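Okay, structure first, notes after.
The values are calculated or read from the model by the stated rules, or taken from the named source; none is laboratory data. The structure presented is a predicted model; accordingly, all values stated were derived computationally and were not measured. Every residue, glycine as well, gets a Cβ built from its backbone with ideal geometry; the counts of neighbours run over all protein chains shown. Heavy atoms of the whole protein, side chains included, go into the accessibility calculation; ligands, DNA and RNA do not. Shrake-Rupley method; radii C 1.70, N 1.55, O 1.52, S 1.80 Å.
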Amino acid sequence: MSNEIEIGRGKHGRRAYSFDDVAVVPSRRTRDPEDVSVSWQIDAYHVDIPVLAAPMDSVMSPATAVQLGQLGGIGVLDLEGLWTRYEDPEPVLAQIAELPPERATERMQQIYAAPMQPDLITERLREVRRAGVTVAGKLSPQRTQQHWRTVVEAGVDLFVIRGTTVSAEHVSSTAEPLNLKRFIYELDVPVIVGGAATYTAALHLMRTGAAGVLVGFGGG
């Protein structure tokens, strides 16, 4: 049976499965695990394991991105996180880990109110590049127009534009609108965009010419 399914409007896609959908059953032939490849490619970048790590301060630092890259995946740095706001964010991260629940939200709002520093964006990305692994960094649509040039000049390989939900055009009364189709066309760096939670939103992002679309939003 083909794993191609019709998803509407003349479009077809490959069926994907979660762990709950898969059961291991004996068959006439098995394959040695060493002969199985889980490698994948996005644009010109080939990696050994299909993992694009989430750009969150809770899981990703420059050192972690390097380690993941050396293991065969891609770590994405949050370029709006603490690593681009503080010269040494380790004490701040340790403080967050110890915050009681009733104070956590207020204190974290204060911590993240510190301004982003372009010099730190450059240094964090170059730290990953010096290790010789694929360099990926994330900005939100709101910050892309302001900081994209710094990110590209720092030598990013994959530019991730990620938000809770991302549309093909971000409009603001206080900043220049971000038209993703035009932005991606004019940029020499492959762009991954998301998240998208509906067929229509995903289709709009695919039509921007993005190298990849992140499906899903929030923590789900």
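Run Met116 past the list (1) of a type in the set (A, V, I, L, M); (2) in a loop (DSSP other than H, G, I, E, B); (3) under 28 Å from Val38 (Cβ atoms); (4) in contact (Cβ under 8 Å) with a residue 24 or more places away in the chain and report the number of the one that doesn't hold.
Result: Met116 fails condition (3) only.
Report whether or not Leu93 is in a helix (DSSP H, G or I), at pLDDT below 95 and open to solvent by less than 70 Å² (accessible area, probe 1.4 Å).
Details: in a helix (DSSP H, G or I): yes; at pLDDT below 95: yes; open to solvent by less than 70 Å² (accessible area, probe 1.4 Å): yes.
Judged against the criteria, Leu93 is a match.
Just the residues that are over 12 Å from Phe183 (Cβ atoms) and not small (Gly, Ala, Ser), please, taken from the range 150-165.
Selection gives Thr150, Val151, Glu153, Val156, Asp157, Leu158, Val160, Arg162, Thr164, Thr165.
Looking at Arg107 and the list (1) more than 19 Å from the chain's Cα centre (by Cα); (2) open to solvent by 90 Å² or more (accessible area, probe 1.4 Å); (3) modelled with pLDDT of 90 or more, which single condition is not satisfied?
All conditions pass for Arg107, except number (2).
Okay, residues lined up against (1) surrounded by 10 or more Cβ atoms within 10 Å (Cβ to Cβ); (2) hydrophobic (A, V, I, L, M, F, W, C); (3) more than 30 Å from Met108 (Cβ to Cβ):
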{"site": "Ala16", "(1), (2), (3)": "no, yes, yes"}
{"site": "Val22", "(1), (2), (3)": "no, yes, yes"}
{"site": "Asp35", "(1), (2), (3)": "no, no, yes"}
{"site": "His46", "(1), (2), (3)": "yes, no, yes"}
{"site": "Pro50", "(1), (2), (3)": "yes, no, yes"}
{"site": "Ser58", "(1), (2), (3)": "yes, no, no"}
{"site": "Pro62", "(1), (2), (3)": "yes, no, no"}
{"site": "Leu68", "(1), (2), (3)": "yes, yes, no"}
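Under 7 Å between Cβ atoms, which residue pairs at least 6 apart in sequence (or on different chains) link something in the range 21-50 that is in contact (Cβ under 8 Å) with a residue 60 or more places away in the chain and of a type outside the set (A, V, I, L, M) with a partner that is outside any loop (DSSP other than H, G, I, E, B) and open to solvent by less than 80 Å² (accessible area, probe 1.4 Å)?
Tyr45/Leu158
Here is a check on your reading of the model: is Pro55 touching a Phe, Trp or Tyr at 6+ places or on another chain (Cβ under 9 Å), outside any helix (DSSP H, G or I) and not charged (D, E, K, R)?
No.
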